[in-house]
Amino acid sequence: MSKLALMGGAPVRSEPYPQWPVFDQRDIDAVTNVVKSGRWGGFPYPGPQSKEFIRRFAEMQGGGYPVLMVNGTVTMEVALRAANVGWGDEVLVPAMTFQATAAAPMAAGAIPVIVDVDKENYCMDPKKAEAAITPRTKAILPVHLGAQMADMDAILEIAEKHHLIVVEDCAHAHGAKWRGHGAGTLGHFGSFSLQSSKILTTGEGGVLLCRTQELADRAASIIDCGRPHDPEGKEFTMGANYRMSELHAALGNVALERFPAQAKEREEMLGYLEESLSEIPGVRMLRRDPRHTTRSFYMYGFAIDPDQFGGERLGVVAALEAEGIPAEGGYEAMNRYSLFQPTNSRLAVPSAFPEHFDFSNVSMPEAERGAEHDSIWLDERVFRAGPKGIDDMAAALRKVQDQHEDLAEWVKVQKAAGRRH
Ligand SMILES: Cc1ncc(COP(=O)(O)O)c(C=O)c1O
């Protein structure tokens, strides 16, 4: 076997993985037709492309009253505001996610309360969520992270018991199903990002699925500068312009045509990858929850024992990348994000409630372990290159594990030189 590519050896894979987003003449025609129609913007909401897109999106996801907006962060802010969650209310968020999940409650004026994750799936641990509930808690914001779904049975039970609103962050989970029900249709709201790296994209955008028409009307009003969207046309809200343009929605209508085949391919390849990965020493697979009946995903996470992989998770990520595999380090533990420290933020919420943002004595052991020591994340592109793409990924990881002593040396040199890898 050749040396690690990091150390000058030949990479396992020299051919690039397929690019994202995918496009063809249909996208060009769809945008051209909107341009020619003169109906470019999102006003009045919803325009014909937008209406068609959200109808088909909700149908694909299997339910919910959909509202279209500009991204998958305001979707969560709008959901909370539509449910009257606001100033000083507490919203439970998982400790391992993109910062948007915690920034959205702050934008609504609420306090994100960080809950540690379950090490078996890196999603919010329901027991720890229940333990974090106070009289001020108004909502739970679980994230379906990577190719996992949060334990929605447990979360919905807790929410019902404590009368909490549930907003599912489904930015990674378009098409995923829990007991046959679509992600985002289980809670009061399901929030989806359509940003360009996501598996269903319009370039930028977001869809919010709402449990009732009433919530959807309120959300539609909030994103439409506060104009009434209730049946009687009387309810004004405190709104802003978060409408998506028709040009973007047109891209969504084409993306929906491709989506089922892409999701099926990823899911099939995931099953194949898991068979190979589980045989590599030092690899820990995350839980395969039988209730998660369709696995449609944006990135795939698994865990390693760093001692069997050269000592450093980010060394493994760098080694895989050098071997031609799109791997990532994932997110920081939420309590470590500098953004949420009161001294670093000019947002009102941290300054008004500094006790909630003093993380100096806060420990989220599982999120910290995952984010700093044992999680490895693969890009969805790995799953769209057929069995060869998967074989190359597994071969690269096996190579890195076989040569973990060389990798440990490389990591030592990087550290001595003060380089981050
Ligand atoms: C888990 C998660 N939530 C929310 C978002 C925010 O989506 P957007 O970039 O569309 O605002 C993202 C990604 O960008 C994400 O990964």
Exercise for the section: Would you check if Thr101 is among the β-branched types (Val, Ile, Thr), within 14 Å of the ligand (Cβ to nearest atom) and open to solvent by 40 Å² or more (accessible area, probe 1.4 Å)? Expected result: no
Exercise for the section: Report yes if some residue within segment 70-79 is under 25 Å from Phe98 (Cβ atoms) and of a type in the set (Ser, Thr, Tyr); otherwise report no. Expected result: yes
Fill in the blank from the handout: The correct count of residues that are part of a helix (DSSP H, G or I), in contact (Cβ under 8 Å) with a residue 60 or more places away in the chain and either of a type in the set (A, V, I, L, M) or farther than 16 Å from Ala102 by Cβ (or both) in segment 335-351 is 3
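Yes or no, residue by residue, for (1) farther than 12 Å from Gly315 by Cα; (2) in contact (Cβ under 8 Å) with a residue 24 or more places away in the chain:
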| site | (1), (2) |
| --- | --- |
| Asp374 | no, yes |
| Gly389 | yes, yes |
| Ala396 | yes, yes |
| Glu405 | no, yes |
| Arg419 | no, no |
Handout entry: Residue list for segment 35-57, restricted to those being in a helix (DSSP H, G or I) and under 29 Å from the mean Cα position of the chain (by Cα)
Key = Pro48, Gln49, Ser50, Lys51, Glu52, Phe53, Ile54, Arg55, Arg56, Phe57
Handout entry: Residue match in segment 290-298 (condition: outside any loop (DSSP other than H, G, I, E, B) and touching a residue at least 24 places away in the same chain (Cβ under 8 Å))
Key = yes
Practice task
Inspect segment 356-368 for any residue being at pLDDT 95 or above, touching a helix residue (DSSP H, G or I) at 6+ places or on another chain (Cβ under 8 Å), outside any loop (DSSP other than H, G, I, E, B) and crowded, with 17+ Cβ neighbours inside 10 Å and give the result as yes or no.
Solution key: yes
Practice task
Would you mind telling me which numbered condition in (1) open to solvent by 50 Å² or more (accessible area, probe 1.4 Å); (2) at pLDDT below 95 Val349 fails?
Solution key: (1)
Practice task
Could you please find all residues in segment 83-98 being among the hydrophobic types (A, V, I, L, M, F, W, C) and either open to solvent by 10 Å² or more (accessible area, probe 1.4 Å) or not in a loop (DSSP other than H, G, I, E, B) (or both)?
Solution key: Ala83, Trp87, Val91, Leu92, Val93, Met96, Phe98
Completion exercise
Among residues of segment 319-334 being assigned to a helix (DSSP H, G or I), in contact with a strand residue (DSSP E or B) (Cβ under 8 Å, 6 or more places away or on another chain) and among the aliphatic types (A, V, I, L, M), the residue nearest to Val91 (Cα to Cα) is Met334
Exercise for the section: Enumerate the pairs (first residue in segment 79-92 and among the charged types (D, E, K, R); second residue anywhere and open to solvent by 20 Å² or more (accessible area, probe 1.4 Å)) with beta-carbon separation below 7 Å, excluding pairs fewer than 6 apart on the same chain, so at least 6 apart or on different chains. Expected result: Asp89/Arg136; Asp89/Lys138; Glu90/Val113; Glu90/Thr134; Glu90/Arg136; Glu90/Lys138
Completion exercise
Among helices (runs of 4 or more DSSP H) entirely within segment 113-225, at least 1 residues that are within 15 Å of the ligand (Cβ to nearest atom) and in contact with a strand residue (DSSP E or B) (Cβ under 7 Å, 6 or more places away or on another chain) occur in 213-223
Exercise for the section: Could you check, for segment 40-63, whether at least one of its residues is within 16 Å of the ligand (Cβ to nearest atom) and β-branched (Val, Ile, Thr)? Expected result: yes
Handout entry: Criterion: open to solvent by less than 10 Å² (accessible area, probe 1.4 Å) and in contact with a Lys or Arg (Cβ under 9 Å, 6 or more places away or on another chain) - qualifying residue of Met152, Met124
Key = Met152
Exercise for the section: Answer yes or no as to whether Arg211 is over 21 Å from the mean Cα position of the chain (by Cα), touching a residue at least 40 places away in the same chain (Cβ under 8 Å) and open to solvent by 10 Å² or more (accessible area, probe 1.4 Å). Expected result: no
Problem - Residues of segment 214-228 satisfying the condition of being in contact with a Phe, Trp or Tyr (Cβ under 6 Å, 6 or more places away or on another chain) and open to solvent by 10 Å² or more (accessible area, probe 1.4 Å) - result: Pro228
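The values are calculated or read from the model by the stated rules, or taken from the named source; none is laboratory data. It should be emphasised that the depicted structure is a prediction, and the values quoted were computed from it without experimental measurement. Don't worry about glycine lacking a Cβ; one is built from the backbone with ideal geometry, like all the others, and counts go over all protein chains shown. We work out accessible area using only protein heavy atoms, side chains counted, and drop any ligands, DNA or RNA first. Shrake-Rupley method; radii C 1.70, N 1.55, O 1.52, S 1.80 Å.
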